[in-house]
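**Student:** First the structure, which I've put down as structure tokens, then a few questions once you've had a look.
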Amino acid sequence: MEPIAIVRLSSLGDIVHTLPAFQALRRAYPAARISWIAEPAGAALLKNFPGIDEVIPFELKSQRGLSGKLLYLLRFRRRWHRRFGLVLDFQGLIKSALLAFLLGGTRLGFGRCNAREPLAAAFYSRRAPVFPEERHVIHKNLHLLSLLGIAAPVVEYPQRPWTPSPRLAAYLEREGLAGGWTILNVGGGWPSKLLSAAQWLQVAAGLKSDHALVLLWGTEKEKATATEIARQSGARLAPFLEFGDLLAFIAGARLVISGDTLALHLADLTRTPAVGIFGPSSPERNGPLLPASRTVHRRLGCSFCYRRKCDTMDCLQGIVIEDIIQAARRIDAQRDRSFD
């Protein structure tokens, strides 16, 4: 069939949540040429997954000024227009829908009720039927494929061996982590999804007697927080990890404890049990699907607001740390029973 383009530009966690739809599409059309258009960070992540014929970076954000952005769009259109017979927009923003329109071909997307920006639906050739927004976003993405007659009752990710690089392997050996480790991911894209350093210290104190704790970070600000927590708790500090090593690091872990961010979703992808800590976002919609995983949240009258910033942060500040620790212990107990 004609080449297919997937448009899911960002964010990294949402890109991971779109991978099962890609996998179902690949299974339905094994001989099709499937390209994925994403912003540079997403493109770097996607290069780690098999089956994607081409990852196309979309670098509009880096262009300076309105004239620079318009010139970039014109050049992008000139290069890719009519290269794809089918374009699927999983993002549902005006920006992503306009990009799909510029590419030409048949454009599939969500209807007004499910697009993140309802006006985006005007740019599509066909729109998916209404989908309940309270259901998991992975199933929402799979639902878009119903326009092609594709059903995917089982969530499946593209897989390959997640092998540590020599640098990561040396770190694991130096730190004596061959027996497995527990990741505490202190970072996240939204301020409203971040536990405080004091809360992470309580989590570390409750687990350090029987877990080899490693603090994961992704930015210099997160590194500073993780370094201070490591100093006070005795936990190890992870090195900076490129996406390939991040996948290997999470795949080899015994447990991941994280907010609603990339590390939590990669744990689901690699089938590593996780404790997901949720504040403004819904665990039913964004949480792990792996049966062994657990979620912790505090339901309030304002749940789930999906606000990136909050003046009170009551949903996260009110998290009972013992609930996180107990969730981790239940996963341990379940693992121990499976080995009996």
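**Student:** Give the number of residues within the range 84-98 that are buried (at least 22 other Cβ atoms within 10 Å of the Cβ) and either out of contact with any Asp or Glu (no Cβ under 8 Å at 6 or more places or on another chain) or in a loop (DSSP other than H, G, I, E, B) (or both).
**Tutor:** 7
Results for (1) of a type in the set (Asp, Glu); (2) crowded, with 17+ Cβ neighbours inside 10 Å; (3) not in a helix (DSSP H, G or I), shown as yes or no for each residue.
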{"residue": "Ala5", "(1), (2), (3)": "no, yes, yes"}
{"residue": "Ile15", "(1), (2), (3)": "no, yes, no"}
{"residue": "Phe22", "(1), (2), (3)": "no, yes, no"}
{"residue": "Trp36", "(1), (2), (3)": "no, yes, yes"}
{"residue": "Leu45", "(1), (2), (3)": "no, yes, no"}
{"residue": "Arg82", "(1), (2), (3)": "no, no, yes"}
{"residue": "Arg107", "(1), (2), (3)": "no, yes, yes"}
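**Student:** When the residues of the range 228-260 are filtered to those that are touching a strand residue (DSSP E or B) at 6+ places or on another chain (Cβ under 6 Å), at pLDDT 95 or above and of a type outside the set (A, V, I, L, M, F, W, C), which remaining residue is farthest from Pro20 (Cα to Cα)?
**Tutor:** Residue satisfying both the conditions and the ranking: Arg236.
**Student:** Within the range 308-340, restricting attention to residues that are assigned to a loop (DSSP other than H, G, I, E, B) and surrounded by 16 or more Cβ atoms within 10 Å (Cβ to Cβ), which residue is modelled with the lowest pLDDT? Before the answer, list the steps.
**Tutor:** The first filter runs over the range 308-340 and keeps only residues assigned to a loop (DSSP other than H, G, I, E, B), leaving 308-313, 318-320, 340.
Now drop any that are not surrounded by 16 or more Cβ atoms within 10 Å (Cβ to Cβ), which leaves 310, 313, 319.
Numbers: Cys310: 77, Met313: 73, Ile319: 87.
Top of the filtered list is Met313.
**Student:** Return yes when Arg271 is surrounded by fewer than 17 Cβ atoms within 10 Å (Cβ to Cβ) and in contact with a Cys (Cβ under 6 Å, 6 or more places away or on another chain) and no when it is not.
**Tutor:** So Arg271 fails the test.
**Student:** Please determine, by comparing only the residues of the range 230-260 that are closer than 14 Å to Leu45 by Cα and of a type in the set (D, E, K, R), which one is surrounded by the most Cβ atoms within 10 Å (Cβ to Cβ).
**Tutor:** Ranking the qualifying residues of the range 230-260, first place goes to Asp245.
**Student:** Still on this structure, please answer the following. Of the numbered conditions (1) without any contact (Cβ under 8 Å) to a residue 12 or more places away in the chain; (2) of a type in the set (Gly, Ala, Ser); (3) on the phi < 0 side of the Ramachandran plot, Gly65 satisfies every one except a single condition; which is it?
**Tutor:** Failed condition: (3).
**Student:** Just give me the residues in the range 97-108 being in contact (Cβ under 8 Å) with a residue 24 or more places away in the chain and either in contact with a helix residue (DSSP H, G or I) (Cβ under 7 Å, 6 or more places away or on another chain) or under 23 Å from Gly149 (Cβ atoms) (or both), in sequence order. So that I can check it myself, show each step before the final result.
**Tutor:** The first filter runs over the range 97-108 and keeps only residues in contact (Cβ under 8 Å) with a residue 24 or more places away in the chain, leaving 97-100, 102-103, 105, 108.
Result: Ala97, Leu98, Ala100, Leu102, Leu103, Gly105, Leu108.
**Student:** Continuing with this model, one more query. Return the total of residues in the range 254-276 being under 22 Å from Glu133 (Cβ atoms), in contact (Cβ under 8 Å) with a residue 40 or more places away in the chain and more than 12 Å from the chain's Cα centre (by Cα).
**Tutor:** Selection size over the range 254-276: 0.
**Student:** Let me ask you something else. If you go through the range 3-13 one residue at a time, do you hit one that is under 24 Å from Ala122 (Cα atoms) and at pLDDT below 95? Working first, answer last.
**Tutor:** Restricting attention to the range 3-13, the residues satisfying the condition of being under 24 Å from Ala122 (Cα atoms) are 3-11.
If we keep only those that are at pLDDT below 95 as well, we get 10-11.
Checked the range 3-13: at least one residue is under 24 Å from Ala122 (Cα atoms) and at pLDDT below 95.
**Student:** Does Glu133 meet the test of being of a type in the set (D, E, K, R), outside any helix (DSSP H, G or I) and not assigned by TED's automatic domain parsing to the domain that holds Arg8?
**Tutor:** For Glu133, the condition - of a type in the set (D, E, K, R), outside any helix (DSSP H, G or I) and not assigned by TED's automatic domain parsing to the domain that holds Arg8 - is not met.
**Student:** Just to be sure, is Ala263 surrounded by fewer than 19 Cβ atoms within 10 Å (Cβ to Cβ) and at pLDDT 95 or above? First the steps, then the outcome.
**Tutor:** Working: surrounded by fewer than 19 Cβ atoms within 10 Å (Cβ to Cβ): no; at pLDDT 95 or above: yes.
Against the criterion (surrounded by fewer than 19 Cβ atoms within 10 Å (Cβ to Cβ) and at pLDDT 95 or above), Ala263 does not qualify.
**Student:** Restricting attention to the range 120-160, report how many residues are modelled with pLDDT under 95 and aliphatic (A, V, I, L, M).
**Tutor:** Matching residues across the range 120-160 total 3.
**Student:** Right, something else. Could you list, in sequence order, the residues of the range 285-324 that are touching a Gly at 6+ places or on another chain (Cβ under 7 Å) and aromatic (Phe, Trp, Tyr)?
**Tutor:** Passing the criteria: none in range.
**Student:** Looking only at the range 161-214, which residues are in a loop (DSSP other than H, G, I, E, B), touching a helix residue (DSSP H, G or I) at 6+ places or on another chain (Cβ under 7 Å) and within 25 Å of Phe49 (Cβ to Cβ)?
**Tutor:** The first filter runs over the range 161-214 and keeps only residues in a loop (DSSP other than H, G, I, E, B), leaving 161-165, 175-181, 186-190, 194-196, 208-212.
Next, from what is left, pick out any that are touching a helix residue (DSSP H, G or I) at 6+ places or on another chain (Cβ under 7 Å): 162-165, 178, 186-187, 195, 208.
Of everything in the range 161-214, those that are in a loop (DSSP other than H, G, I, E, B), touching a helix residue (DSSP H, G or I) at 6+ places or on another chain (Cβ under 7 Å) and within 25 Å of Phe49 (Cβ to Cβ) turn out to be Trp162, Thr163, Pro164, Ser165, Gly187.
**Student:** Ok, one more. Restricting attention to the range 122-131, does a residue exist that is of a type outside the set (Val, Ile, Thr) and closer than 28 Å to Ala274 by Cα? Quick ask: steps written out before the conclusion?
**Tutor:** To start, the set of residues in the range 122-131 that are of a type outside the set (Val, Ile, Thr) comprises 122-129, 131.
From what's left, closer than 28 Å to Ala274 by Cα: 131.
So far as the range 122-131 goes, yes, one or more of its residues are of a type outside the set (Val, Ile, Thr) and closer than 28 Å to Ala274 by Cα.
**Student:** Is it the case that Phe76 is part of a helix (DSSP H, G or I) and of a type in the set (Phe, Trp, Tyr)? Before you say what the answer is, go through the steps one by one.
**Tutor:** Working: part of a helix (DSSP H, G or I): yes; of a type in the set (Phe, Trp, Tyr): yes.
Spelling it out, Phe76 is indeed part of a helix (DSSP H, G or I) and of a type in the set (Phe, Trp, Tyr).
**Student:** For the range 283-301, indicate whether the set of residues that are in contact with a His (Cβ under 7 Å, 6 or more places away or on another chain) and surrounded by 23 or more Cβ atoms within 10 Å (Cβ to Cβ) is non-empty.
**Tutor:** no
The values are calculated or read from the model by the stated rules, or taken from the named source; none is laboratory data. Note that this is a predicted model, so its numbers are computed, not measured. Cβ coordinates were reconstructed from backbone atoms using ideal geometry, including for glycine residues, and neighbour counts include every protein chain displayed.
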